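As C-alpha cells, the structure follows; a few thoughts come after it.
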Amino acid sequence: MFSYIRGFRNESSIFDLSQTLRCCRLMFQYFNVLSKKRHHLLFLNTRPELNDFTLFITKNFRHSAVVDQWTGGILTNWKQIKKTVIFFSPTVPHRRGGMGRVNSPIIEQFQEVCDTFPRLRKSRRLFQYLRKDKRPNLLVVLDPNNNEYAIHEAYNLKLPIIAFVDADTPSTILKKITYPIPSNNRSIVFMHWVLNSMMLICTKNRLMRAKAAQRKKQAEERRKKEGPRGSGAKPLSKWSRAKKNWCDFSRPALPLFFSAKRGEKK
C-alpha cells in the first residue's frame, strides 16, 4: 500500500493520483473486455448512498448485485443458491434477454409471505438482485474493508476481483485483490464517477452489439434477395467454369468425345 501513498498530512495519508489513474485505466480495460463478451458481473455494495448506481447497472445490463451484508456461501455454494433465487427474486431473466415475472402461484404466494417474516425479508433483500443462470465471472467490491469474506470466497474460486482500497485496507485483503484501486472510497463524487464510467462502457458495448446484429440481418436479407447468382456475386473465373463443367456429370461431354474418337456419328 505504501507504493500508492505520496505522503501524509494531519495523520491522514494522501494517495498518488498518477497511480490511481493508472489502476483505473487497467481496470476499465479489463471491464471493457468482459462487457464485450457479455460476462456475468457481481457488484457488492454495503453503502445506501451508492445503491442507485449499482442497481441501475444490474437491472439495465443484466448483472447481479448484493446491496446488503454478505452471506457466506453465495459464490462457493452457487448450485444451491441459484435454486433459492427463484423464490426470492420478483423477476427472472428469460433466454432472449428480457426480464419477466414468474407465472407460478406458489412462488407469488411465497413472495407475499416474505414481507411478514423478518428472516425471509432479509433473504429476499439479499437474493432479489441475483441472476440464477450462471456463476459471476467478476466481483466488484465497493467497500472491501467490510467484505473480507466475499473477497476470500472469490479468491478461492480464482475469480478476478476489483476493489476500491483505502489506506486502512489490511495487506491480507490487498494480496487477494486482482485490480486494486487506491482511492478514498468514502468519496461519493469519485465513486459516482467510476460507476458512471462503467455504465458508459456497458452502454457502448450494447450499442455495438445492436449495430453488428443489424448489419448481419441486413446482409442476410440482401443475400436472400440477390440469390446465389445475383448481381452482387463475383463472376466465375475460367478455371472455376472449367472445373464446374468437368464435375457436372449430367452433361454429355465424355460420351461425345469417345464417340467422335471412334468415328461414330450421332
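Here, each number is a calculation from the coordinates, and none is a lab measurement. Note that the coordinates shown come from a computational prediction; the quantities given were computed from them, not determined experimentally. Methodologically, a virtual Cβ is constructed for each residue, glycine included, from the backbone with ideal geometry; neighbour enumeration extends over all protein chains shown.
Structure summary
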| quantity | calculated |
| --- | --- |
| Length added when fully stretched, residue 206-residue 149, from 0.36 nm per residue minus Cα-Cα | 17.3 nm |
| Radius 12 Å from Cβ of residue 143, net charge of other residues (Lys, Arg +1; Asp, Glu -1) | -2 |
| Computed E for residue 82/residue 18 - FRET, C-beta separation, R0 30 angstrom, nearest 0.05 | 0.10 |
| Among the listed pairs 83/175; 204/224; 134/158; 37/79; 83/176, those beyond 25 Å (Cα-Cα) | 83/175; 204/224; 83/176 |
| The range 11-47-the range 171-218 distance, computed between alpha-carbon centres (Å) | 7 |
| Size-normalised alpha-carbon gyration radius of the range 138-207, reference 2.2 N^0.38 Å | 1.16 |
